[in-house]
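The values are calculated or read from the model by the stated rules, or taken from the named source; none is laboratory data. None of these values were measured; they are calculated from a predicted model. When we count neighbours, we look across all protein chains shown, and the Cβ atoms used for this are built from the backbone with ideal geometry, even at glycine. To get the accessible areas, we keep the full protein, side chains included, count just its heavy atoms, and leave off ligands, DNA and RNA. Shrake-Rupley method; radii C 1.70, N 1.55, O 1.52, S 1.80 Å.
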Amino acid sequence: SLTAFVLDPSDPTRMFAPTWNAVLKSTDGGNSWDPKTEGLVANQVVDTVVIHPRNSDVLYGGIGETLVVSANGGESWSSAQYGRGLGLGRVYAIAIDPFNPGTLYVGGLAAALYKSQDSGKSFTPLGFNTGKGVFSLALHPRQADTLLAGLNAGDAAIIKTVNGSEFYPVSAGLIYGGADSAYSAIVYAPANPNIVYAGTGHESNPDAKGIFKSSDGGETWRSINSG
């Protein structure tokens, strides 16, 4: 299955779709695709791919517990000299700070969220227990060091930082769906980042499933599942 879909903001005809054992790449607007596998771990799914906001030839990906990096537009990948200090069981989410391009945040299966300030070479854990893991990350498009993270945790489904290091829960209005529920998609509205959308699945509570909206920068939420 495809696990993500990424458009190159500098060239919308170039697209990437991570999948099992490969990152698919298109250079013609999605009409054709080539699987790129060089440097990736065999027989594992690539869970996520992000494009560097300052250099679109640099991409970061997660395959299993390994952070992989491409310096040639996704043609080949390497984990050498990257990811020191990560203690994740699986890399699910990567975010690159557009204001500080050497700063990366990485989350996944483990009770920690990690930050790098040397372009992903080394990481330190940030001080918030993320429960069963971090499944999505979203950086504010206009404010440096402001980040939302979607968790699988009953007491804090989404957490927020405004300084890049100290997090607090912003879960008012969200509904926890059970042990398999996680807010696995978060996105700021680009024209008005006070508006944020978050998506989740559910285990036992159907009211927890679907899309939630915030109009105050992710501080409080309401369900928008009509239809």
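Would you check if VAL162 is within 17 Å of the chain's Cα centre (by Cα), under 26 Å from PRO101 (Cα atoms) and either open to solvent by less than 60 Å² (accessible area, probe 1.4 Å) or aliphatic (A, V, I, L, M) (or both)? No, not satisfied. Among the residues of region 182-192, is there at least one that is of a type in the set (Phe, Trp, Tyr), assigned to a strand (DSSP E or B) and under 26 Å from VAL91 (Cβ atoms)? Within region 182-192 (the criterion being of a type in the set (Phe, Trp, Tyr), assigned to a strand (DSSP E or B) and under 26 Å from VAL91 (Cβ atoms)), the answer is yes, since at least one residue qualifies. Scoring ASP28 on the criteria (1) closer than 17 Å to SER76 by Cα; (2) of a type in the set (Asp, Glu); (3) surrounded by fewer than 19 Cβ atoms within 10 Å (Cβ to Cβ) leaves a single failure, condition (1). Per the conditions (1) over 13 Å from the mean Cα position of the chain (by Cα); (2) under 23 Å from PRO9 (Cα atoms), the sole criterion not satisfied by ARG84 is (2).
Whether any residue in region 13-29 is under 20 Å from ALA182 (Cα atoms), part of a strand (DSSP E or B) and in contact with a Lys or Arg (Cβ under 8 Å, 6 or more places away or on another chain) is what I want to check. No, the conditions are met nowhere in region 13-29.
Specify which of the listed residues (ALA208, ALA185) is of a type in the set (A, V, I, L, M) and under 17 Å from LEU139 (Cβ atoms).
ALA185
Would you mind finding the one in GLY178, GLY218 that is within 23 Å of ALA112 (Cβ to Cβ) and surrounded by 14 or more Cβ atoms within 10 Å (Cβ to Cβ)? Going through GLY178, GLY218 in turn, just one is within 23 Å of ALA112 (Cβ to Cβ) and surrounded by 14 or more Cβ atoms within 10 Å (Cβ to Cβ): GLY218. The test for being outside any loop (DSSP other than H, G, I, E, B) and hydrophobic (A, V, I, L, M, F, W, C) does not hold for ILE175. Between ALA22, ALA17, the distinction of being farther than 21 Å from VAL134 by Cα and open to solvent by less than 60 Å² (accessible area, probe 1.4 Å) belongs to ALA22 only.
When region 33-47 is filtered for residues that are surrounded by fewer than 19 Cβ atoms within 10 Å (Cβ to Cβ) and assigned to a loop (DSSP other than H, G, I, E, B), the ones remaining, listed by number, are TRP33, THR37, GLU38, GLY39, VAL41, ALA42, ASN43, GLN44. Among the residues of region 169-226, which ones are at pLDDT 90 or above, of a type in the set (Val, Ile, Thr) and under 22 Å from GLY133 (Cβ atoms)? VAL170, ILE186, VAL187, VAL196, ILE211 - these are the residues of region 169-226 that are at pLDDT 90 or above, of a type in the set (Val, Ile, Thr) and under 22 Å from GLY133 (Cβ atoms).
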